[in-house]
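Peer 1: I'd like to ask some things about the structure below.
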Amino acid sequence: MRGALAIASLAALAASSVRAQSPAPPPPEPASRAAIAQGLFGEDEPEPGDEDVAAGRVEPPRPAPTPGAGDASDARVRSSFAAAEAFQGPLEGGWTLTGPGAPTYLLRFADHAGLLEGVWSDPRRSAASRDSGPVEVVARTAKRLTLRFTPDDGATVALELHRSRRDAWTGRMRRGGRAFAVRLLRTSA
């Protein structure tokens, strides 16, 4: 009998320790207001006036601008513009080639990272004729510039220019066996 009593007390002790180790699950928390606002498929429940917006009878409300957001955007635009200008070389933009007795030509250069590309145009010509074309850069240093292009009459124009100031170059133009004193002046950026 003692043995049976010992076994029964051990079984009761084991059962109480098992109950003590597994606590009862907590009661469910009440649903939050945000969870209640979500519909069956996770969408927001319609608000008063949403039907008018969906039907196109009124414009949807626009969010209020964040204070200072325009300033940050303006600063980014200014910064991007400054970075782009930093890559431009000194010849970037539009130029006019003139001289006494010399024909006038308009030149436009793209000057990026030391690579110079250009086009010429003849403002005296009609749009029907070949009044523009590429400029060949023969040589270029900080103070000297040698260019060449060929208008539709076949007489090659060769320019030997020296930098005279920031936005001006002076030198000689050879065209069809004739030489002219010329100036190349910046006309646009």
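Peer 1: So, R0 is 25 Å and r is the distance between the beta-carbons of residue 143 and residue 188; what FRET efficiency does that work out to, to 0.05?
Peer 2: On the way: r = 23 Å, r/R0 = 0.91.
After rounding to 0.05, the efficiency reads 0.65.
Peer 1: Under 13 Å from the Cβ of residue 186, count the other residues' Cβ atoms, weight Lys and Arg +1, Asp and Glu -1, and hand me the total. Intermediate results must be reported in sequence, preceding the final value.
Peer 2: Values: positive: 108, 163, 165, 166, 183; negative: 92, 111, 167.
Taking every other residue near residue 186 into account, the sum is +2.
Peer 1: Can you give me the relative contact order of the stretch 93-188 as a percent, contacts being Cα pairs under 8 Å and 6 or more apart?
Peer 2: Reported relative contact order: 26 percent.
Peer 1: Also: Determine the sum of side-chain charges near residue 108: Lys and Arg each +1, Asp and Glu each -1, restricted to other residues whose C-beta is under 12 angstrom from that of residue 108. Walk me through the numbers on the way to the answer.
Peer 2: On the way: positive: 186; negative: 92, 111, 117.
Every neighbour counted, the sum reads -2.
Peer 1: Assuming 0.36 nm per residue, please report the length gained on full extension of the stretch residue 73 to residue 96 beyond their Cα-Cα distance.
Peer 2: 4.6 nm
Peer 1: A further question on this structure: Whole-Hz Karplus ³J(HN,Hα) for the stretch 92-102, in order, using 6.51 cos²θ - 1.76 cosθ + 1.60 and θ = phi - 60°, x for Gly and Pro?
Peer 2: 3, x, x, 9, 10, 9, 9, x, x, x, 8
Coordinate-derived values only; no laboratory data. Because the structure is predicted, anything quoted here is derived from the model rather than measured. Heads up, the Cβs are rebuilt from the backbone with ideal geometry, glycines too, and the neighbour counts pull from every protein chain shown.
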